[in-house]
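The values are calculated or read from the model by the stated rules, or taken from the named source; none is laboratory data. Bear in mind that the values here come from a model prediction, so they are computed numbers and not experimental data. Cβ: placed from backbone, ideal geometry, glycine included. Neighbour counts: every protein chain shown.
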Amino acid sequence: MFDSLSLQQVITQFHFIRPLWLLAFIPMGGLFWLRWREANQAGWKDVLPEHLRKVLTIGEKGWSRQLPLKLLMAMIALAILVCAGPTWQRQASPFGEDKASMLVLFDSSESMLEQDLPPSRLERSKQKVRELLALRQGGSTGLVVFAGSAHVAMPMTQDTKVFEPILAAISPEVMPVEGKFAEQALPLIDQQLQGRPGSTVLLVSDGTNPNTIAAFKAYFADKPYQLIVLGAGNRNVVSDAPANFDSLRQLASVVSGRFIEITVDNSDVERLSRSVERNMQLNGDSAMPWQDMGYQLLLPIALVMLLWFRKGWLVQWCVVFTLTGSLLVVPTVKADTVVETKAQNSQPAEVVTTWSRAVQWWWDLWLTPDQQGQRLFNQGEYLEAAKHFVDPLRKGTAYYYASEYQQAHRAFLQMDNDFGLYNGASALARQREYLAARDLLQSLADKDSLAEDLRPNVEHNLKVIGGVVEEINRTSESQAGTTDGPEESFELSDDKPRTADGADEKTAAELMIKDTLNANEILGSNELADKWLKRVEADPKYFLRAKFQIQLNESNNATVSNSASEVEEAQQ
């Protein structure tokens, strides 16, 4: 398929492998002029009067005059071009290490769990990445996941068998900080790609915010990498957290990248693969020889030569071109979007109708997304308003009024400031996540840089939520050992609201004995080896969760150390 990147490649890299053959155009032009002059010399036909010449002679007129000579010159010109060797791309390398390097920035925030793209945006995006790896068949690929923080899940590798289980384990559960800050992954790009020209950064997400767009624009201004944005979501299905493709398109536009939306077929993956390889051919350091593209011109030369030996070919020329031209015309195929749904889902997804698109198009002519959201907010349609707002504060406020507290919490976190964290704590409290809300407010209260107008509100909410947690703790202690009680959430699993710390469970001291074994003891006893292997966690999800938490702690400690050093230097 010929796309804009292919056109750019032709324009910027077109040249001839054997340019001296172009000098053959000089004698060809001289022969053409001599033959044309000879054919146009006056003969016996010119002696006849005009009215008799028209009746007594059958001659060529108009464009068909000297047609054999014209087509002969055209064939010679094409043959000269073939000999000159036109080219605009290098030959494909048979080795995987010469293929383009690609770093995947994968969005692992809560919004990726939306099911407008069945089974979810997260799982469908993983599937697309797997298909892309299989289609590339080589080349180094790395994986960076981000939410509120960014972490290297898989360094650059060519081993897809190692890559796939790590990719399968990615979920919001493994991320130590909630949020959606793709800009957190920017420092990790150079660390993995190391400035290799022709490399590609693939961002897989369902939306972004203005701060992220500004950060990406500043970063890619002087980087040799190509950015491709893969949009995860379905605009034809109504969702409480619709994918923000407009922001993703803007992000791709400001960095001169490309935006590709996930499709139900493999067309998106094929476009991704072509873009990655084209960028490598355009900007990469390749030692492969240039591919001679002139051989494609042999086909029209052969067609003309076949017709040259037929008697009366001048008359049949248009007919032949009509027949061959009709064979080259590809009929237009129209594909309809198919929305998959789970069989066990009793409530089918609401599909966006043509009328809805027309109405939305009309409002887009006159109002910005934030203005449309404010209009709906003033009318009390808070959920619809939240779907239109771009500003995180307005979006979170609309979700809060619509009682969609989980969505409100996600939006407030994208503000990336103390006021956003304060509002996020209120959304957590509305979800009965009192522990998380208390800890978040406590971290704000401990900040010396907290705004003075915000501190009284933070301390007030911290006091109220702290009292709720203490009351639930007292209830938990009074009902320890029983299964009844008005509050059981502290007994629930991690995916349920954490309302309090719960009662302390007493354990016998003999059960808390810690065994310390060295490698020789483990390898020398089959029983100990089996016991040790059973304790090893095989699920990479838990490994990634621990790894990311350690990386975050190390990063925070390094930041604190740097801040302390700067304070000491300033005091000195």
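Results, tabulated for the structure shown:
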quantity	calculated
Count of residues meeting criterion [surrounded by fewer than 16 Cβ atoms within 10 Å (Cβ to Cβ) and either small (G, A, S) or part of a helix (DSSP H, G or I) (or both)] in the range 443-456	6
Test set (1) more than 57 Å from the chain's Cα centre (by Cα); (2) at pLDDT 80 or above - L20 fails condition number	(1)
Hits in the range 170-193 - residues which are surrounded by 19 or more Cβ atoms within 10 Å (Cβ to Cβ), of a type in the set (A, V, I, L, M, F, W, C) and either part of a loop (DSSP other than H, G, I, E, B) or under 15 Å from the mean Cα position of the chain (by Cα) (or both)	I170, M175, F181, A182, A185, L186, I189
Criterion: surrounded by fewer than 23 Cβ atoms within 10 Å (Cβ to Cβ), in contact with a Ser or Thr (Cβ under 7 Å, 6 or more places away or on another chain) and in a loop (DSSP other than H, G, I, E, B) - qualifying residue of R235, R196	R196
Helices (runs of 4 or more DSSP H) enclosed by the range 392-439 - at least 1 residues per element that are over 12 Å from Y382 (Cβ atoms), in contact (Cβ under 8 Å) with a residue 60 or more places away in the chain and of a type outside the set (A, V, I, L, M, F, W, C)	392-401, 405-413
Residue in the range 42-49 that is surrounded by 12 or more Cβ atoms within 10 Å (Cβ to Cβ) and at pLDDT below 65 present	no
Condition check for L227: in contact (Cβ under 8 Å) with a residue 60 or more places away in the chain and over 30 Å from Y400 (Cα atoms)	no
Only one of D240, D246 that is among the charged types (D, E, K, R), in the same structural domain as L113 (by TED's automatic domain parsing), modelled with pLDDT under 90 and out of contact with any Ser or Thr (no Cβ under 6 Å at 6 or more places or on another chain)	D240
Matching option when the condition is assigned by TED's automatic domain parsing to the domain that holds Q192, in a loop (DSSP other than H, G, I, E, B) and more than 22 Å from K387 (Cβ to Cβ), among V264, V269	V264
Selection status of R90, out of contact with any Lys or Arg (no Cβ under 7 Å at 6 or more places or on another chain), modelled with pLDDT under 80 and either of a type in the set (S, T, Y) or under 30 Å from M280 (Cα atoms) (or both)	yes
Per-region count, the range 186-211, residues touching a Phe, Trp or Tyr at 6+ places or on another chain (Cβ under 7 Å) and without any contact (Cβ under 8 Å) to a residue 40 or more places away in the chain	1
Boolean, K223 is assigned to a loop (DSSP other than H, G, I, E, B), closer than 21 Å to L544 by Cα and of a type in the set (D, E, K, R)	no
Whichever residue in the range 199-232 is of a type in the set (F, W, Y) and closer than 24 Å to I262 by Cβ and, among such residues, is surrounded by the fewest Cβ atoms within 10 Å (Cβ to Cβ)	F220
Residue within the range 94-116 that is within 30 Å of T12 (Cβ to Cβ), in contact (Cβ under 8 Å) with a residue 40 or more places away in the chain and of a type in the set (S, T, N, Q) present	yes
Failed item in (1) small (G, A, S); (2) part of a helix (DSSP H, G or I); (3) at pLDDT below 90, with G139 passing the rest	(2)
Every pair of residues 6+ apart whose Cβ atoms lie under 7 Å, when the first sits in the range 122-134 and is assigned by TED's automatic domain parsing to the domain that holds I262 and in a helix (DSSP H, G or I) while the second is of a type in the set (V, I, T) and surrounded by fewer than 16 Cβ atoms within 10 Å (Cβ to Cβ)	L133/T160
